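Note sheet for the following structure.
The values are calculated or read from the model by the stated rules, or taken from the named source; none is laboratory data. Here the structure is a predicted model, which is why all the values come from computation and not from measurement. Quick reminder, even Gly has a Cβ in these numbers, built from the backbone with ideal geometry, and neighbours come from all protein chains shown.
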Amino acid sequence: MSARRRKLDAPVRAPRATNIRGRQRQRLIDACISALHIYGPSRTTVEKVVAIAKMSPGIVRFYFDSKAAMLVASLQFLAAEFEEQVLVPVAKLKARPVAALELMVDLYLDPDIASPRKVSVWYAFWGEASSRQEYYDICGQKDESFAALVRELIGRLVEETSQAHLDPDAIALGLIGALEMMWQDFAFQAEGNIDRLAAKRRCVAYLRSIFPGQFSHPTTREGGPAAHPARFAGWVYASARAYALEREAVFQSAWQVAGHESQIARAGEYFTVDMGAERALLVRDSFGQIHALRNSCPALPHTLVVGGSGRFDGSIACTVHGLQFALDGRRTGGAPGIGLSALDLQVIRGLLVVRSPKSPRASPANPGGAFEPIPPGLVATGPAAQTAVAADWKLLVEQWLDSAALSTAPNAAAESLHWTMPPAGARHWSAQRYRTLAGAGASGAWQMRFIAPNQLLQLRPDGVSILQAMPAAPGRSRVRRLDYTVCGAGRAARAMRYLAARTSSFERPSALALVESVQRGVIDYGYQAAAMRPIAPAIAWFRQQLLMRIPMLALDRPPTDC
């Protein structure tokens, strides 16, 4: 029988209690789920559960009459969690079957629901279902509600697309089977090795093969978007749930420019940077090798190295816990222990490009193609500059892309966009001075390149500037600017960088004030942009990139757990 026979026997409710007794009971349930994941139902004992919960054995009797009652309570908790976080929000979108099915795939494969720990418990309980009626009641009977919901959504979509020849039952069974295969794959992997984005894409690809042009933002024959998604609803720009989803599904798999190898030219030199989803520590060891490490103590996740840059005297120290680490992250100075986690690192034209370790395989393994136009021989003109912005990072990106003069419609599968920006007018004093310093090549257009999800490259005769829109909190962000020159590190290079920044409109105080005003209008007043002009193709492409990774962002209202 399929492992999908598991879902619910309890009414919709908030699974986690808030009072003291409720929290103690929940603590035992969480420990029981962990024990079931490790030992299975038959070898799970009260002693093992309380050992995981770090509670006394006698307290179990206060909440549960027997081990079997505790197991049933754990399964009921998972069932209620599934109903509240998957079935209820999906059912609210019945009138929009495409959005509902995309949300169903997204939530069904979300780590909060489909973690290896929880999935293995579902499978273990299903093995007990044939011999214990209470397990069967919870695992089996309400599964029909899930199947019926899928069947109803598929039936609505068949009717909307006027494809009466299709069999809704067969299509629904195929989708449920695809979701179950993803769960089976999750159950036997560590979380760090699971490619959730690829799993979601496979399930949506199945639906797209049956309903062409309906799912995952299809493209036209020319490769452009078939339809422009509307502006996201206001909750997407200030929700803690959206913020967490974006950090996990977007930023953890994204390559980000941390800095330049010239910033750590000598052994022991380092600099730190907040990458949106990672705190990174870049350091050069005594052999000249550059390492990208997670700037977090393994004993307790506090910032290990405070300060922007400096030089280590042969080792990295945690003064709080008295730990020592070699410059490559290995634990030293005592008994072997956990070292510093290594981040993925690529050196491209001297740029140090970093992402979280074990990122989803859907992110390109080698990001060099997106950075190919960058010239060699770059030198940093100074440390990165950062500006706090009281607006969501997505609004910053959309402001950048609104003026993108694309020669062709962007392909939804592209990882980057590029266009040219005409030089500033001759009457602009900064532009005149820039052309005087840059010489003959300064009259040509500047090359612009946007690398998803949040980096804008400005290639000029004097060098390159990189703008990064970094999420800082729900509804808050940072603009991080890195400047590099091909003209050496002299005064003229710094002057050209300054003049170029004055000429560009992206960082002017008026531009940042506009973004912050839009944030307030969307969140505080609930305003929406009127359909006075078509959405810029680059903005439509950017929204498609996000929706492909987080279909939940298409909802008009936040899910119930936001």
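Laid out as a table, the results:
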item: Tabulated pairs, segment 23-39, first in contact (Cβ under 8 Å) with a residue 60 or more places away in the chain and under 19 Å from A190 (Cβ atoms), second part of a helix (DSSP H, G or I) and not basic (K, R), C-beta under 7 angstrom, 6+ apart or interchain; result: I33/S74; I33/V121; S34/I52; L36/S74; L36/V121; L36/A124; H37/S120; H37/V121
item: From S56, S34, residue being modelled with pLDDT of 75 or more, among the hydroxyl-bearing types (S, T, Y) and more than 24 Å from V119 (Cβ to Cβ); result: S56
item: Selection status of A404, over 13 Å from M448 (Cα atoms), assigned to a loop (DSSP other than H, G, I, E, B) and of a type outside the set (V, I, T); result: no
item: Unmet requirement for R117, which otherwise passes all of (1) at pLDDT 85 or above; (2) of a type in the set (D, E, K, R); (3) under 22 Å from the mean Cα position of the chain (by Cα); result: (1)
item: Any chance Q189 is surrounded by fewer than 16 Cβ atoms within 10 Å (Cβ to Cβ), modelled with pLDDT under 90 and within 20 Å of L107 (Cβ to Cβ); result: yes
item: Residues located in segment 393-417, provided they are buried (at least 18 other Cβ atoms within 10 Å of the Cβ) and out of contact with any helix residue (DSSP H, G or I) (no Cβ under 7 Å at 6 or more places or on another chain); result: W393, W400
item: Top-ranked residue of segment 80-98 - restricted to ones that are in contact with a Ser or Thr (Cβ under 9 Å, 6 or more places away or on another chain) and among the aliphatic types (A, V, I, L, M), ranked as farthest from Y206 (Cα to Cα); result: V88
item: One residue from L175, L166, L153 being outside any helix (DSSP H, G or I), surrounded by 13 or more Cβ atoms within 10 Å (Cβ to Cβ) and modelled with pLDDT of 85 or more; result: L166
item: Unique match (being buried (at least 21 other Cβ atoms within 10 Å of the Cβ) and under 30 Å from R156 (Cβ atoms)) among F82, F125; result: F82
item: Failed criterion for A233 (all others in (1) touching a helix residue (DSSP H, G or I) at 6+ places or on another chain (Cβ under 9 Å); (2) at pLDDT 90 or above; (3) among the hydrophobic types (A, V, I, L, M, F, W, C) hold); result: (2)
item: Of all residues making up segment 346-371, the number that are modelled with pLDDT of 80 or more and either out of contact with any Ser or Thr (no Cβ under 7 Å at 6 or more places or on another chain) or part of a loop (DSSP other than H, G, I, E, B) (or both); result: 12
item: Qualifying residue in segment 57-69 (condition: closer than 26 Å to E191 by Cβ and assigned by TED's automatic domain parsing to the domain that holds W122); result: no
item: Which numbered condition R96 misses (of (1) closer than 28 Å to V150 by Cβ; (2) touching a residue at least 40 places away in the same chain (Cβ under 8 Å)); result: (2)
item: Among the candidates A380, A388, residue that is at pLDDT 90 or above and outside the structural domain of V305 (by TED's automatic domain parsing); result: A388
item: Subset of segment 63-87 (residues that are among the hydroxyl-bearing types (S, T, Y) and within 34 Å of the chain's Cα centre (by Cα)); result: S74
item: Matching residues, segment 478-514, being in a loop (DSSP other than H, G, I, E, B) and either modelled with pLDDT of 80 or more or more than 12 Å from R460 (Cα to Cα) (or both); result: G488, A489, G490, S505, F506, E507, R508
